[in-house]
Amino acid sequence: MAASHFDAMLQQLLALPQESEWVEFKENMAAPQEIGEYISALANAATLQGKPYGYLVWGITNTDYRVVGTGFKPRRAKKGNEELEPWLRRLLSPSISFTFHEFIYQEKPIVLLEIPASTYQPVRFSGEEYCRIGSAKKKLRDYPETERQLWAAFRHQSFEEGVALAQLASDEILDLIDYPSTFKLLGHRLPDNRKDILTRLAQEHIIIARDSDHFDITNLGAILFSQNLTQFPTLGRKAIRTIFYAGTNRTQTIREQLGVRGYAVEFAGRMSYIMTKCHEMNILARHYGRKHRFIRHLPFVS
């Protein structure tokens, strides 16, 4: 993401009237255990507040939102002999794709930790579930009513309506979504201007409008129509994978290819690739007098 994206994101967080349950500002807090607990608390709080992400931001005072900068360097931090990030991931359950972003804002170093909202079950750290009560981090088990509300929120979640990337400018939306192919596949004429393109994408639930020039991309939009699924941290591993096997037991792989585009925009090209390779392999099999069976396996949206 461009630096301007993080500048805009930070400005929106600083514009909040008070420190909310899904955002926490710190100056130089670097205790690994505390960071892990905040990841759990903010992930669960984001779900309760209907937000796609929670945020932990270093370099901002939590009383008057002054930009003071931070000396915290997440990629240099360690817990014992283990680097901070893999240590945190090892103790989080279920696994979530949190991301540290380091950038300069108003000539001061800022670290922004972007934490996906919990889905289907509370996020735990080191075996404990945390939540936010007001602006305080607490153990979820000590607040049974909040725990009931969180589980109720999970029951209303669907994968397709979830957010793959949040708070994107219109330029970023049009870079990430293959919108010409999207309109063609949906049988719609491509609009003549950006505003109408974005409006139609929102009507099709591919994006969600947050304000006049900021949008979220839904899981549905990303998984079907993205230019590159690896640009979506929570979806990169769901890319289309084509495998040719020798025999029927899937023990010997002949060829494997991993796609990057969304399923809908990738499908026609992928089918053409499969048919071409099957044809080539059948010619080889006939040439050498052997019969092979090739199995095509494509992933599905879970």
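For this structure, a couple of remarks:
- Taking Tyr179, Tyr273, Tyr105 as the candidate residues, the one with maximal mean-square fluctuation in a Gaussian network model of the chain, Cα springs under 10 Å, is Tyr273.
- For Ala164, residues with placed amide H under 5 Å, excluding near neighbours: Ile217, Thr218, Asn219
- Sites Arg189 and Glu128 - FRET efficiency at Förster radius 51 Å, r taken between beta-carbons, to 0.05: 0.45
- Just checking the listed ones, Thr230, Thr199, Thr276: in the Gaussian network model of the chain with Cα springs under 10 Å, the one fluctuating most is Thr276.
- Remark on Ile133: its backbone amide H falls under 5 Å from those of Lys138, a criterion applied only to residues 5 or more positions apart or on other chains, H modelled at 1.01 Å from N.
- Of Lys195/Lys238; Lys51/Lys138; Lys79/Lys137; Lys26/Lys78; Lys73/Lys108; Lys26/Lys79, those spanning more than 24 Å from alpha-carbon to alpha-carbon: Lys195/Lys238
- Here the Karplus curve 6.51 cos²θ - 1.76 cosθ + 1.60, taken at θ = phi - 60°, turns the phi angles of region 58-70 into couplings of 9, x, 10, 6, 8, 9, 10, 6, 7, 8, 10, x, 9 Hz, with x standing for Gly and Pro.
- Normalised by 2.2 N^0.38 Å, with N the number of residues, the alpha-carbon radius of gyration of region 7-149 equals 0.99.
- Average 1/r across all pairs of distinct alpha carbons in region 190-247, invert it, and you get the Kirkwood radius: 13.2 Å.
- GNM on the chain, alpha-carbon springs under 10 angstrom: the most fluctuating residue among Gly36, Gly59, Gly269 is Gly269.
- Of all accessible heavy-atom area on the chain, the percent that carbon and sulfur account for (1.4 Å): 48
- The Cα atoms of region 97-254 give a gyration tensor whose axes a ≥ b ≥ c have a/c of 1.5 or more with a/b no greater than b/c, which makes the shape oblate.
- Above 28 Å, the calculated P(r) of the chain contains 49 percent of its Cα-Cα pairs.
The values are calculated or read from the model by the stated rules, or taken from the named source; none is laboratory data. In this text, all values refer to a predicted model and were calculated from it rather than measured experimentally. Cβ: placed from backbone, ideal geometry, glycine included. Neighbour counts: every protein chain shown. These accessible areas exclude ligands, DNA and RNA; they are computed on the full protein's heavy atoms, side chains included. Shrake-Rupley method; radii C 1.70, N 1.55, O 1.52, S 1.80 Å.
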